[in-house]
Amino acid sequence: MENLKRRLMLPGFALVAGAALTACGGDEEAGGDNGGDGPEYEWDFITEETPGQVQYEYAQEYADLLNEKSDGRIEVDVFEFGGLGSEVDQLEQLQAGGVELGIVSPGFVSTLVEEAQIFSLHYLLPDDQEQTQEILNESEAVNEMLAEKYVEQGLQPLSFWTEGAMQWTGSSQLRSSEDFEGFLMRTQESPLMIESYGAYGADATPLSWEELYGGLQQGQVDGQENPIFFIEDASFHEVQDHMTISNHNSYVAVTTMNQNIYEELPEDIQEIVHETTEEMRDIGFDLQDELNEERLEMIEEDEENPTEVYELTDEEIEEFQDLARPVRDFFREEEGEEAAEILDQLEEDIAEVTGEEE
Ligand code: 6CS
């Protein structure tokens with residue numbers, strides 16, 4: 001790992017040419033430099049989740065840390081999902097600068113940043129979450145090449161982090177491609193997710209998670225993918241008979257700031273943002289780790305809503321890996337040369353952490 005660094009956290013990365021000395025992001029409404037009566041910066045932080053779920057709890061801790069490190073100069077309001085529209089509506093508000101901070105998932109960002117669909121490729125990131133987090137922290141492909149694509153869209157990624165390994169739930173069992181024949185899978189907005197499930201023989205349909213419980217209950221869709229904490233917290237297991245420990249992907253969350261607002265921050269405030277983001281890496285990791293473990297037990301012990309939990313065998317995983325592999329070529333061809341370079345680099349970055357040749 002010697003030649004890889006936490007690139008987003010390098011002070012040089014944070015130094016933006018001509019950083020304005022004026023405060024921004026609602027500070028004027030808050031009184032700006034008003035003699036110390038209130039915060040200089042008042043920021044809104046949107047999340048795609050609700051209290052008790054990883055993104056929301058992460059954002060609350062992030063807000064507290066920013067406030068503490070800035071001695072009260074920064075105050076952050078965290079918004080749970082639901083109040084500000086769909087995940088895509090929220091993203092548009094972040095891009096337009098209507099809100100300053102947000103956690104945005106690649107699956108929803110992919111309408112703007114097509115290359116972010118790289119995180120929809122199955123069996124690319126390792127199922128070991130510590131390794132996945134190490135890759136997300138240090139990968140050049142992620143933190144330089146892909147981050148640049150977000151910046152081009154007015155979004156400044158501050159860190160990429162995992163919310164845990166993703167698992168499948170279904171109204172029927174999911175252990176082989178045969179089980180996926182004609183299966184209607186709910187996905188996020190990324191077209192590559194549709195391709196990934198198409199490779200198994202399934203049909204995929206994008207849906208906001210707000211509508212997912214009802215969609216599963218009424219049979220509008222047959223199944224979905226998510227980390228375990230989310231499956232339990234959103235009660236999807238109540239309306240699904242099967243959960244497969246497939247570890248086919250990791251749920252990548254991206255802590256993001258509006259790029260113009262970020263760029264205009266004075267250096268000391270940028271530094272505080274980066275220090276906070278850095279400290280949050282371990283806090284976020286532990287949060288998802290504990291919740292995913294605890295919620296698996298809850299699903300297994302829920303007698304009122306029994307769910308058959310099945311872990312794929314190595315042979316079963318191999319079948320899905322073989323089917324998923326050509327989707328990488330589809331990504332390379334469909335998304336163009338730069339996207340292909342990002343994937344090539346990411347494969348190298350992954351191999352460097354796992355020690356396994358891609
Ligand atoms: O499945 C979804 O759409 C939701 N899943 C997670 C883990 N977070 C937010 C996201 O919108």
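Miscellaneous remarks
- Highest mean first, the peptides 277-289, 47-59 sorted by other C-beta atoms within 10 Å per residue fall in the order 47-59, 277-289.
- Amide H contacts for residue 204 (H built 1.01 Å from N in the peptide plane; partners 5 or more residues away or on another chain; cut-off under 5 Å): 185.
- Extension gain (nm, one decimal) between residue 297 and residue 334, 0.36 nm per residue minus Cα-Cα: 9.3 nm
- Exposure proxy ranking, count of Cβ atoms within 10 Å, fewest first, for 166, 193: 166, 193
- One Cα centroid belongs to the stretch 276-346, the other to the stretch 131-173; the line between them spans 11 Å.
- Computed over the chain, relative contact order equals 23 percent, with contacts defined as Cα pairs under 8 Å that lie 6+ residues apart.
- About the centre of its Cα atoms, the chain shows a dipole size close to 800 debye [charges on the beta carbon of Lys, Arg (+1) and Asp, Glu (-1) only; nearest 20 debye].
- Cα-based convex hull volume of the chain per residue, rounded to whole Å³: 127 Å³
- Helical mean residue ellipticity (222 nm; -39500 (n - 2.57) per DSSP H run of 4+; nearest 500) of the chain: -13000 deg cm²/dmol
- Rounded to 5, percent antiparallel among DSSP beta bridges of the chain: 55 percent
- For the stretch 68-109 versus the stretch 195-252, the gap between their alpha-carbon centres in whole angstrom: 25 Å
- Relative contact order of the stretch 122-217, defined on C-alpha pairs under 8 angstrom at six or more residues apart (%): 19 percent
- Axial C-alpha extent at least 20 Å, average Kyte-Doolittle at least 1.0 - helices from the chain (DSSP): none
- 5 Å binning of all Cα-Cα separations within the stretch 205-256, expressed as whole percents from 0 upward: 4, 17, 31, 25, 16, 5, 2, 0
- Cβ crowding within 10 Å ranks 69, 149 as 69, 149, fewest other Cβ atoms first.
- Spin-label model distance (nm) - residue 210 vs residue 347, 7 Å beyond Cα toward Cβ: 4.0 nm
Here, each number is a calculation from the coordinates, and none is a lab measurement. This structure is a prediction, so every number in the text was calculated from the model and none was measured. Note: ideal-geometry Cβ built from the backbone for every residue, glycine included; neighbour counts use all protein chains shown.
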